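Taking it in order: structure first as structure tokens, then the write-up.
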């Protein structure tokens, strides 16, 4: 069933919701012209494929009218394809509000508002978000988190020492391996994990002049 556009109706752009509430200017010759006053933009679409969703407020919804403030919808009526709302102000007075005068600044932020406005996405997008969050949760819960980022070829004893020290509630150790066994790498792994897990906010590294370059590189 084809969508019927009528001048004066209020619609919102599915791909560009940040444009705010739009108003139909013209609908003829299989095309629709819509203005977005809040963004001072205008778009022209083919009527059969316009990426627009009709915005209709229900009884109990809050609507905003420029220079009049927020109102609560108590009734709605259709006239020639456009909606006239009857809304109550804070004093209890009822005002007729043609949809054409509604504020163009609208943000459909919660699930109910998006659903009522017909802004629904394909289920594949939800599945992708769910899979991403599941993968993120698995990554954050991994015992190796913070130990796999450095671009070094780790040796088993380096991984063991770093994981053992970083897992302590208050790491306080002296790394005393022989020269060349990777104490700098071990310390770097420990620091990296503590920072990544937000168990340390800042790190002060004190080294002799002869080791400054080595620490900078490693």
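None of the figures in this text is laboratory data; all of them are computed from the coordinates on show. Fair warning: this is a prediction, and the values are worked out from it, not measured in the lab. All Cβ positions, even for glycine, are placed from backbone atoms using ideal geometry, and neighbour counts span all protein chains on display.
At a Förster distance of 45 Å, what's the computed FRET efficiency of residue 3 paired with residue 130, Cβ-Cβ distance as r, to 0.05? Once rounded, the FRET efficiency stands at 0.90. Computed from Cα atoms, the angle from the helix 156-166 axis to the main principal axis of the chain rounds to 60 degrees.
Rounded to the nearest 500, the helix-only mean residue ellipticity at 222 nm of the chain stands at -8500 deg cm²/dmol, with each DSSP H run of n ≥ 4 adding -39,500 (n - 2.57). Against the chain, whose longest principal axis comes from its Cα atoms, helix 123-141 is set at around 20 degrees. For segment 10-120, relative contact order (Cα pairs under 8 Å, six or more residues apart, normalised by length) works out to 22 percent. Structural size metrics of the chain, computed from C-alpha coordinates, are Rg and Dmax of 30.0, 87 Å. For residue 33 and residue 82, the FRET efficiency from 1/(1 + (r/R0)^6), where r spans their Cβ atoms and R0 equals 25 Å, is about 0.95.
Counting other Cβ atoms within 10 Å as a rough exposure proxy, the listed residues 45, 85, 160 run 160, 45, 85 from fewest neighbours to most.
Packing here is the average count of other Cβ atoms within 10 Å per residue, and on that basis the peptides 13-23, 172-182, highest first, run 13-23, 172-182.
Axis angle, to the nearest 10 degrees, between helix 183-196 and the longest C-alpha principal axis of the chain: 20 degrees. Which FRET efficiency value, to the nearest 0.05, is calculated for residue 46 and residue 138 with the Förster distance at 41 angstrom and r the Cβ-Cβ distance? E between residue 46 and residue 138, to the nearest 0.05, is 0.40. Highest-first packing order for the peptide set 134-141, 48-55 is 48-55, 134-141, based on the mean count of other beta carbon atoms within 10 Å. Dividing the mean sequence gap of close Cα pairs (under 8 Å, 6+ apart) by how many residues the chain holds gives a relative contact order of 12 percent.
With contacts taken as Cα pairs under 8 Å at a separation of at least 6 residues, segment 142-217 carries a relative contact order of 34 percent. Volume of the convex hull of segment 10-120 (Cα atoms only), normalised per residue: 101 Å³.
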